[in-house]
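Engineer: Mind looking over this structure? Questions follow.
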Amino acid sequence: MKRFSIVSIILIVVLTVLAACGPSAAPTPTPTPVPPTPTPVPPKQPPTSKPTEEAKPTEAAKEEPQLAPELNVFNWTDYIDEEVLTQYEETYGVKINYDTYASNEELLAKLQAGATGYDVIFPSDYMVTQMIELGLLAEIDLDNIPNFKDVMDMFKDPPFDPGNKYCVPYQWGTTGLGYHIPTFGDEVPDSWAYLFEPEYLKRYADKGVNVLDDQRELIGAALKYLGYSVNDTNEEHLYEARDLILKAKPYWKTFNSSDYDDTLLIPGEVVLSHGWSGDVFVAVWETYDEENDEPVWWYSIPKEGAVVWVDNMCIPASSTRKRTAEHFINYLLSPEVQAAITNYTYYASPSEAAKQYIDEEILNEPAIYPPDEVLSKLEWLEAVGDALRIYDQIWTEIKSQ
Ligand code: N2P
């Protein structure tokens, strides 16, 4: 299987917008599911509305808000098909300056260090809580995000952002173990023991083990393995998790959460990786043995339980282009664009309406769209309040020893 091209879906969006915006626009095509093979790039479409003063918008385009000429977007690495950005730029005449980060803490540190200028950011659930408390987010106007109506109920009014006052969901997934099937044979690494127990690690650590360079994820996995909540705030439990991690650390080759999905593709680099579902599935499908119709990599959710998370689209309090940011967020939440992103990232979409455009193999993959019995074993990361001090302290110890 290949990563599917998104161009046809984007074409549908553009044609739909064109049809809505101008008398001479093309007719609206009936949306069709993403084809399983890449399609040729469609001819470029003219922008439908331009923020510049000289633009002469059609009647319908006048309904578009006045858009800023550019927007600064700061997202996780490998988390969008850049065609989606190009299409937005070409359709609305807004230049997207796109930059990436590898963890919530990196994003927070940038904002706290006074980085201004970002207009759209993508913090995870627990980080939304922290950012709201720190006054780092602007309130969002849901009236300007009509595609929010398609968001699944489980992602509306979340505990970390009651009433979706600040953010709307972008993509969601789980955290588990990616493993190299030829190394493990019939054995499925179905426990966090494969990441933390030296007696397990001894068998394959020389072939490479990666862990996410992410404090809440790694400490959370250790807590889960020890039988505690991923949000535990008990100091003794946290030190137990630290000690488990320090005992396993000599067996780990890398702490990588930015481009570890690429290292899974390099033969001999790693055979086991703590990872996010979509990143691992990119490796699964990119290394798929077409000839024998067998995967080389696969993903497991450990039996002790794991993290389920949702990343969100939010506007920093310092943004000066809030209306354009909302317009862009609404575009990213449209069913066709959500499907295009999911078909590229292999992360699940929070948009119910996107499902009709999402590839069947993704929709039916329980490790990407976990069924209720799997979901019930998963836990959401939550802000840990004052215990964050202990998390930070043990993370420093882990990284420095
Ligand atoms: C994609 C990162 C997914 C974000 N590379 C995990 N919250």
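The values are calculated or read from the model by the stated rules, or taken from the named source; none is laboratory data. Bear in mind that the values here come from a model prediction, so they are computed numbers and not experimental data. FYI the Cβ positions are ideal-geometry reconstructions off the backbone, even for glycines, and counts take in every protein chain you see.
Engineer: If the requirement is being touching a strand residue (DSSP E or B) at 6+ places or on another chain (Cβ under 6 Å) and either among the charged types (D, E, K, R) or within 15 Å of the ligand (Cβ to nearest atom) (or both), which of these qualifies: V280, V271?
Structural biologist: Every option except V280 fails the conditions.
Engineer: Of all residues in segment 207-224, count the ones that are of a type in the set (V, I, T) and in a helix (DSSP H, G or I).
Structural biologist: So the answer is 1.
Engineer: Same structure again: Would you mind telling me which numbered condition in (1) more than 13 Å from the ligand (Cβ to nearest atom); (2) polar (S, T, N, Q); (3) not assigned by TED's automatic domain parsing to the domain that holds A193 T345 fails?
Structural biologist: Answer for T345: the failing condition is (1).
Engineer: Right, something else. Checking A283 against (1) within 17 Å of the chain's Cα centre (by Cα); (2) surrounded by fewer than 24 Cβ atoms within 10 Å (Cβ to Cβ), only one condition comes out false. Which one?
Structural biologist: Of (1) within 17 Å of the chain's Cα centre (by Cα); (2) surrounded by fewer than 24 Cβ atoms within 10 Å (Cβ to Cβ), only one is false for A283: (2).
Engineer: Moving on. Being within 16 Å of T324 (Cβ to Cβ) and within 20 Å of the chain's Cα centre (by Cα) is the filter; apply it to segment 100-139 and report the residue that is farthest from the ligand (Cβ to nearest atom).
Structural biologist: D119
Engineer: If you don't mind, there's one more thing I want to ask. Which condition from (1) of a type in the set (V, I, T); (2) under 21 Å from C314 (Cα atoms); (3) in contact with a Ser or Thr (Cβ under 8 Å, 6 or more places away or on another chain) is the one that V211 breaks?
Structural biologist: Condition (2) is where V211 drops out.
Engineer: Here's a follow-up. So is E89 within 16 Å of the ligand (Cβ to nearest atom) and without any contact (Cβ under 8 Å) to a residue 12 or more places away in the chain or not?
Structural biologist: Answer is no for this residue.
Engineer: Given the condition modelled with pLDDT under 95, farther than 26 Å from K355 by Cβ and buried (at least 18 other Cβ atoms within 10 Å of the Cβ), answer yes or no: does some residue in segment 103-125 qualify?
Structural biologist: Checked against the condition, which is being modelled with pLDDT under 95, farther than 26 Å from K355 by Cβ and buried (at least 18 other Cβ atoms within 10 Å of the Cβ), segment 103-125 yields at least one hit.
Engineer: Give segment 225-260 a look and list any residue that's in a helix (DSSP H, G or I) and touching a strand residue (DSSP E or B) at 6+ places or on another chain (Cβ under 7 Å), or say none.
Structural biologist: Passing the criteria: Y251, Y260.
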